[in-house]
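Peer 1: Take this structure, written in structure tokens, and hold onto it; I'll ask about it next.
The values are calculated or read from the model by the stated rules, or taken from the named source; none is laboratory data. Predicted model, so just to flag it, every value in this text is computed and none were measured. Note that we place each Cβ from the backbone using ideal geometry, even for glycine, and neighbour counts take in every protein chain shown.
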Amino acid sequence: MHHFLNAFKIAWCSLGVNKARTFLTILGIVIGITSIIIVYSAGEGIRGLMLGQIESFGTNIIQTEVKVPSAKSSSQGGGHSGVQITTLKLKDVEDLKNISNVQNGYGAVMDQEQVAYGGEVKKVFALGVNASYINIDSSEIASGRFYSESEDKSLAQVVVLGYKINKDLFGDSDSLGKFVTLRKGKYQVIGVMKEKGKVMVMDFDNFVYLPIRTLQKKITGMDHLMYMVHELKDSTKANNTADEARLILRQNHDISNPDKDDFRVVTMSDMMETLDTIMGALTILLLAIVIISLIVGGVGILNVMYVVVSERTSEIGLRKAVGAGYREIMWQFLVEAIVITLLGGIVGVVLGVIASWLIAWGARIYGLDWVFIVPVKAYVVALGFSLLFGIFFGIQPARKAAKMDPIVALRKE
């Protein structure tokens with residue numbers, strides 16, 4: 001311990017002698033470590049953001065979406081590769097509601113439409129959903145009401161407006177009871193949604209909500225669904241419920257081979273796993289890029305340490321002449337390299353935390369629900385790399401110094 005403290009004092013003094021060189025040496029490490037902190041913090045922020053988006057669909061749900069059977073194409077989703085899947089129907093929604101662990105469910109169809117009121121015409125997404133949507137989704141009504149099951153079944157021409165589209169068409173005046181035009185039909189506004197913001201890439205405040213059968217029969221002329229969501233009584237049994245749902249859907253769609261499924265049933269835990277896999281891969285990729293910048297910084301330290309050793313050859317000779325051994329000289333120069341990288345590491349961590357906080361602050365101003373977190377592993381990885389790089393790039397110059405012959409070293413003067 002005494003050796004180490006002594007070496008630390010000498011290292012600290014020698015760093016202070018050439019401040020400009022010390023600053024330039026640690027700069028590469030500072031940039032790399034700052035980047036590590038930002039990568040981890042931004043990763044957590046994005047994960048939290050995505051998690052919030054997933055949870056906005058409800059936390060105890062299973063979702064069924066259409067997919068192109070793997071035999072036809074590896075693409076997924078309703079309209080990819082020119083193949084449109086039209087097998088998901090309202091009957092499927094009702095049949096899945098009969099599963100013992102299913103509490104409720106709704107089907108959904110989406111279409112891009114123009115909605116008009118007075119002289120205002122706006123492009124919107126029309127979302128046709130069952131009346132049960134409002135009880136399952138996290139969306140809430142601000143004024144008026146959502147339509148009922150009987151209005152859906154009777155193809156009522158009623159509409160619920162998203163927060164933004166309501167403001168665009170009606171400004172501050174009351175829209176309830178007024179009629180808007182959709183595909184030449186008049187639809188009565190019966191409710192306005194609370195502000196929700198963007199979910200994934202969808203701006204729900206710019207949506208208009210219609211009874212699903214009204215949208216299917218009176219606007220799009222299609223009788224299939226894009227996706228459906230079912231609420232569970234017990235979310236711990238989600239996987240079993242999803243298996244039951246798959247069996248019912250295969251029966252309904254006359255599918256005997258699971259490889260030919262034209263649907264995909266996804267649980268919340270599936271969504272979380274996918275999210276974690278994506279975020280994990282992204283973090284590793286970004287860290288790989290950051291490590292390259294750290295290696296560049298490390299090579300800088302290696303060069304500087306070689307210069308320092310050759311500059312202080314006579315000092316090394318003198319110390320050896322008065323009894324300093326291989327170990328002491330080795331420690332002195334190795335500690336110097338470690339001090340440089342740890343100093344860079346500490347400055348990098350501080351700057352990284354400040355930069356991460358600013359990113360989170362900027363994201364919140366932009367309207368994103370971004371939480372500022374720097375996970376403990378970020379500090380461990382950052383300072384661990386600092387220490388590792390100090391040892392890795394300092395050991396060779398330190399060995400060179402420790403192996404010097406004192407007589408040759410003293411002659412250099």
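Peer 1: Could you check how many residues of the stretch 229-256 are among the small types (Gly, Ala, Ser) and outside any helix (DSSP H, G or I)? Before you say what the answer is, go through the steps one by one.
Peer 2: Going residue by residue through the stretch 229-256, those that are among the small types (Gly, Ala, Ser) are 235, 238, 242, 245, 256.
Imposing the further condition that a residue be outside any helix (DSSP H, G or I) reduces the set to 256.
Residues meeting the conditions: 1.
Peer 1: Report yes if some residue within the stretch 94-110 is over 37 Å from the mean Cα position of the chain (by Cα), under 30 Å from GLN251 (Cα atoms) and free of Cβ contacts under 8 Å to residues at least 40 places away in the same chain; otherwise report no.
Peer 2: Step one: of the stretch 94-110, the residues over 37 Å from the mean Cα position of the chain (by Cα) are none.
No, the stretch 94-110 contains no residue that is over 37 Å from the mean Cα position of the chain (by Cα), under 30 Å from GLN251 (Cα atoms) and free of Cβ contacts under 8 Å to residues at least 40 places away in the same chain.
Peer 1: Also, I was wondering about something else. Restricting to the stretch 209-228, count the residues that are in a strand (DSSP E or B) and either over 28 Å from the mean Cα position of the chain (by Cα) or aromatic (Phe, Trp, Tyr) (or both).
Peer 2: First, pick out the residues of the stretch 209-228 that are in a strand (DSSP E or B): 209-211, 227-228.
Filter once more, keeping what is either over 28 Å from the mean Cα position of the chain (by Cα) or aromatic (Phe, Trp, Tyr) (or both): 209-211, 227.
Result for the stretch 209-228: 4.
Yes/no matrix, rows are residues, columns are (1) modelled with pLDDT of 90 or more; (2) surrounded by 17 or more Cβ atoms within 10 Å (Cβ to Cβ):
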site	(1), (2)
ALA245	yes, yes
ILE248	yes, no
ILE255	no, yes
PRO258	no, no
MET268	no, yes
MET271	no, yes
ALA281	no, no
ILE289	no, no
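Peer 1: So which residues in the stretch 278-294 are more than 30 Å from LEU51 (Cα to Cα) and either outside the structural domain of ILE46 (by TED's automatic domain parsing) or free of Cβ contacts under 8 Å to residues at least 12 places away in the same chain (or both)? Give the derivation first.
Peer 2: Restricting attention to the stretch 278-294, the residues satisfying the condition of being more than 30 Å from LEU51 (Cα to Cα) are 292-294.
Answer for the stretch 278-294, where residues must be more than 30 Å from LEU51 (Cα to Cα) and either outside the structural domain of ILE46 (by TED's automatic domain parsing) or free of Cβ contacts under 8 Å to residues at least 12 places away in the same chain (or both): just ILE292.
Peer 1: Now for a different question. LYS186: among the charged types (D, E, K, R), in a strand (DSSP E or B) and more than 25 Å from ASN60 (Cα to Cα), yes or no?
Peer 2: yes
Peer 1: Which residues, taken from the stretch 314-336, are closer than 16 Å to GLN396 by Cα, modelled with pLDDT under 70 and not hydrophobic (A, V, I, L, M, F, W, C)?
Peer 2: Keep residues of the stretch 314-336 that are closer than 16 Å to GLN396 by Cα, which gives 316, 326-336.
Next cut, modelled with pLDDT under 70 only: 316, 326.
Residue satisfying the conditions is TYR326 alone.
Peer 1: Which one of ILE10, ILE99, ILE37, ILE62 is assigned to a helix (DSSP H, G or I) and at pLDDT 80 or above?
Peer 2: Details: ILE10 fails: at pLDDT 80 or above; ILE99 fails: assigned to a helix (DSSP H, G or I); ILE62 fails: assigned to a helix (DSSP H, G or I).
It is ILE37.
Peer 1: May I pose another question? Considering only the stretch 85-100, state which residues are surrounded by 19 or more Cβ atoms within 10 Å (Cβ to Cβ) and more than 10 Å from LEU225 (Cα to Cα).
Peer 2: LEU96, ILE99
Peer 1: Right, next: If you go through the stretch 146-165 one residue at a time, how many are touching a residue at least 12 places away in the same chain (Cβ under 8 Å) and farther than 22 Å from GLN103 by Cα? Show your work before the answer.
Peer 2: Step one: of the stretch 146-165, the residues touching a residue at least 12 places away in the same chain (Cβ under 8 Å) are 146-149, 151-153, 155-165.
From what is left, the residues that are farther than 22 Å from GLN103 by Cα are 155-165.
Count: 11.
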